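The values are calculated or read from the model by the stated rules, or taken from the named source; none is laboratory data. Just so we're clear, the structure is a prediction, and the values are computed from it rather than from any experiment. When we count neighbours, we look across all protein chains shown, and the Cβ atoms used for this are built from the backbone with ideal geometry, even at glycine. We work out accessible area using only protein heavy atoms, side chains counted, and drop any ligands, DNA or RNA first. Shrake-Rupley method; radii C 1.70, N 1.55, O 1.52, S 1.80 Å.
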Amino acid sequence: MNLTESPIRDRIVKTIYQEAESITSRVVRRKKSVFDWDTKLDDILTSWWFGLPIMFLLLGLVFWLTIIGANYPSQLLAKILFWGQDQLSVIFQWFGAPQWLHDFFVLGVYRTVAWVVSVMLPPMAIFFPLFALLEDLGYLPRLAFNLDRLFKLAGAHGKQALTMCMGFGCNAAGVTACRIIESPRERLIAVLTNNFVPCNGRFPTLITLAFIFMGGLAGVGAASLTVAGIVMTGVAVTLLTAWFLSKTLLKGVPSTFALELSPYRLPQIGRTIIRSLLDRTVIILTRAVLVAAPAGGLVWVLANVRPGEHSILVQGAGLLQPLGKALGLDGFILLSFILGLPANEIVLPILLMSYLSVSSMVEPDNLLALKMLLVNGQGWTWLTALCTMLFSLLHFPCGTTLFTIWRETKSAKWTGLAIIIPFMVASMVCFAINWTIRTLGLI
Amino acid sequence: MVKKILLSELPVGRCGRVVSLRAKGMSRRRLLELGLVPETEIKTIRHSPLGDPTLFKFRGSLIALRREEARQVLVSLELL
Amino acid sequence: MCYSEDPEYTGAAVIALVGNPNTGKSTIFNALTGLSQHTGNWPGKTVLKAQGTYVFHGKKYVVVDLPGTYSLQSGSAEEQVAQDFLCGKRLQATVVVTDATCLERNLNLVLQVMEVTSRVIVCVNLIDEAQRKKIFIDLDCLSAELGVPVVATAARSGTGLEELKVKIEEISFKRIITNPRRLVYDPDIEEAVALIEQNLPGSVKEHFNPRWFALRLVEGNQSLLKEIEKLKWSAPCEPYRISYSGPDSKNHIPGS
């Protein structure tokens, strides 16, 4: 006999609920409340007319505040950390350390870490607390309620909307959040598609390229629209891939979906900010730094060891050139994405380092200099930029996220697929766009 | 007069009473544990902007159910 | 149960926190243990059980925060975690955290927990939210109805936490003995439960609340049968085969 169909179970549950009901009726008194905030807020936030527009506006506001707000502290941090680099150099010289040792540690390891911290910390320190405030208010279940239809059509779980949002902050955090999805099939779908939304490590790359190539240096609006368009593409690819997975590898019917829309609560702003900083920001940053440090050293070695005429970096890029070209990129770009596996924020620095063929990473001091380097020096077009942005959006999860996926699934197969599926998707999208634009002679 | 309908057909703003569950297995269990036992008063609050899921109020809380789940619940509706 | 071997537990009172999702359980946990995880307002954050300690009146308490659940028996993974833990005999007290703004749904869980263990404290949390929404709860009446201590808290501002700690102490060291309300089911179910309860072997009675165990057998819970296997009881298998003549006689105890 199957327990789940036991009529006795039904009767037992009914007795318990009726008892709860009768106790409540004796214990609880309600005054018809003067003004029901919850209902009023829900009337707006989940309404037919305003539900979705307000959702886009709210998320847009969070992104906008993150991008704008992170800029200044990011520059300040960069200044401080690169001042630290000079001091470090002095110390190395004082000890009389050999030049290569100094270059490896200071120009390789330290510089990469400094770059990652200055690029990653400010946006995370703004994004996570903002997101936590929305969380504490009780908005996230409403967001899942608004978007569930799309996820249902894709054969996925409504709560994937929540994990997707977490992914905007950090895909590793998004993957961990997938625990809230009860059904293993839908949880895997959410895990495998989480990296299709750009995380904070990739936003800087997207924003920089959008500013240079899409809007011109003055057109902030056009650039913002481009970034927004990329984000929407990411959401669309998430849904399409989820749909594809639920028709092939992860076949099955959507599981029971019941989502409680918990009452709104006034967030305790101060405490929320501090806790989300401590919990999420610091932990994720620590992890990223631990990955970026050895990666920085490795990249330095690759750029400086010359088995033949060129460094390993240059030779590797040569090998990847044909594939890169087919995808609308070039060998250096592809190599940077591969070397940037440990952390997405080092992709652009690695690319610039290879382009300049100097022995350490540089951050061009202004966007105009960067544009000159890419367009005049390397023959980038807006198509190169578009393909690079799309590849950045879709490629494969960073090392931290992959480790998290492995920890959550305990499976080499699914971790492997978490690399292969996005890589295939990214390649197909970039190839298709590159081929179409070139065939149509639009460039 | 009392009419029996599926919960998914209960119009927004109307109240009904749970008559029985049509679901089997795990999904029956989950609906039961949410408190959808016979006699439970339930009200349709609103549909999601995209039409599905639908928000219901019962036993003092707001719970969203997809159409597939709501179709598993039979409710009685008092006709005026 | 494996957790009794955790060195953290030696000489400490073990307290479990259970509750529906999103009742502020994690906030209570943080407030008791001084840990500061961020707690959002959405159901399902605590998926794995968290653990922390505090000292009160010179005694050490280990608090285990269990995943939020609407019920102990709907069969999902997190509910299994909660259920397994509550059944353990090592537990000195169980705090059921409830949301004052929707008490009815929460009482369902309270009643279920009281079937597993009698050492229960009901924490009516978010009492400030309830006041704001003009919902008034007669705490003395609730305590009388349930037969266990009831504490009102507003964990975010710290209200009621001291009283909660006092109640936990009193229950843990048996300074007050509770008298939990006993649910009475339909007569045929009660008859079957009584019959099974009498015939449960001693080893099962040692590990589980006999009435609770019998109820689960009556509704046909198969995972518990495996639990019996684990206990390797030597008694004859008779209790498996008891059947009774109720309206649902085809749903007699499985396992034969």
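Rundown of residues vs (1) within 14 Å of chain A (Cβ to nearest Cβ); (2) at pLDDT 85 or above; (3) under 30 Å from A:Asp10 (Cβ atoms), yes/no style:
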{"residue": "C:Arg156", "(1), (2), (3)": "yes, no, no"}
{"residue": "C:Glu163", "(1), (2), (3)": "no, yes, no"}
{"residue": "C:Val166", "(1), (2), (3)": "no, yes, no"}
{"residue": "C:Asp186", "(1), (2), (3)": "yes, yes, yes"}
{"residue": "C:Glu190", "(1), (2), (3)": "yes, yes, yes"}
{"residue": "C:Val193", "(1), (2), (3)": "yes, yes, yes"}
{"residue": "C:Ile228", "(1), (2), (3)": "no, no, yes"}
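Got a sec? Which of A:Ala210, A:Ala223, A:Ala190, A:Ala177 is at pLDDT 90 or above and either closer than 29 Å to A:Glu345 by Cα or away from every other protein chain (no Cβ under 14 Å) (or both)?
A:Ala190
Could you tell me whether segment B:22-35 includes any residue that is within 12 Å of the chain's Cα centre (by Cα) and at positive phi?
Yes; the residues of segment B:22-35 include at least one that is within 12 Å of the chain's Cα centre (by Cα) and at positive phi.
Among the numbered criteria (1) farther than 26 Å from C:Ala13 by Cβ; (2) not in a helix (DSSP H, G or I), which one does C:Ile189 miss?
(2)
Exactly one of (1) assigned to a helix (DSSP H, G or I); (2) touching a Phe, Trp or Tyr at 6+ places or on another chain (Cβ under 9 Å); (3) open to solvent by 10 Å² or more (accessible area, probe 1.4 Å) is unmet by C:Thr53. Its number?
Result: C:Thr53 passes all but (1).
Can you tell me which residue within segment A:391-417, out of those that are in a helix (DSSP H, G or I) and open to solvent by less than 10 Å² (accessible area, probe 1.4 Å), is farthest from A:Thr241 (Cα to Cα)?
Residue satisfying both the conditions and the ranking: A:Thr404.
Hey, A:Phe257 hits all of (1) in contact (Cβ under 8 Å) with a residue 24 or more places away in the chain; (2) surrounded by 22 or more Cβ atoms within 10 Å (Cβ to Cβ); (3) more than 14 Å from chain C (Cβ to nearest Cβ) but one; which does it fall short on?
Every listed condition holds for A:Phe257 apart from (3).
Taking the stated definitions as given, is A:Ala432 surrounded by fewer than 16 Cβ atoms within 10 Å (Cβ to Cβ) and modelled with pLDDT of 95 or more?
The answer is yes for A:Ala432.
Give the residues of segment A:39-94 that are surrounded by 14 or more Cβ atoms within 10 Å (Cβ to Cβ), more than 14 Å from chain B (Cβ to nearest Cβ), aliphatic (A, V, I, L, M) and more than 26 Å from A:Asn200 (Cβ to Cβ), sorted by residue number.
Result: A:Leu88, single match.
Which one is farthest from C:Lys60 (Cα to Cα), of the residues in segment C:159-186 that are of a type in the set (D, E, K, R) and assigned to a helix (DSSP H, G or I)?
Looking at the filtered set, the residue picked out is C:Glu163.
Checking the condition touching a residue at least 60 places away in the same chain (Cβ under 8 Å) and either open to solvent by less than 10 Å² (accessible area, probe 1.4 Å) or not in a helix (DSSP H, G or I) (or both), which residue from A:Val109, A:Val175 passes?
Result of the check over A:Val109, A:Val175: A:Val175.
Scan segment C:61-70 and give yes if some residue there is at pLDDT 90 or above and not aliphatic (A, V, I, L, M), otherwise no.
Yes, the conditions are met somewhere in segment C:61-70.
Which residues, counting only those in segment B:42-76, are facing chain A (nearest Cβ under 7 Å) and either touching a residue at least 60 places away in the same chain (Cβ under 8 Å) or open to solvent by less than 10 Å² (accessible area, probe 1.4 Å) (or both)?
B:Ser48, B:Asp52, B:Pro53, B:Leu55, B:Ser61, B:Ile63, B:Ala64, B:Leu65, B:Arg66
Identify all residues within segment A:147-167 that are in contact (Cβ under 8 Å) with a residue 40 or more places away in the chain, in a helix (DSSP H, G or I), more than 12 Å from chain B (Cβ to nearest Cβ) and open to solvent by less than 10 Å² (accessible area, probe 1.4 Å); write none if there are none.
A:Gln160, A:Cys165
Looking only at segment A:184-215, which residues are touching a Pro at 6+ places or on another chain (Cβ under 8 Å) and open to solvent by 10 Å² or more (accessible area, probe 1.4 Å)?
Selection gives A:Phe203, A:Pro204.
Could you check A:Met1 against (1) among the aliphatic types (A, V, I, L, M); (2) open to solvent by 20 Å² or more (accessible area, probe 1.4 Å); (3) at pLDDT 85 or above and say which number it fails?
Checking A:Met1 against (1) among the aliphatic types (A, V, I, L, M); (2) open to solvent by 20 Å² or more (accessible area, probe 1.4 Å); (3) at pLDDT 85 or above, the one that fails is (3).
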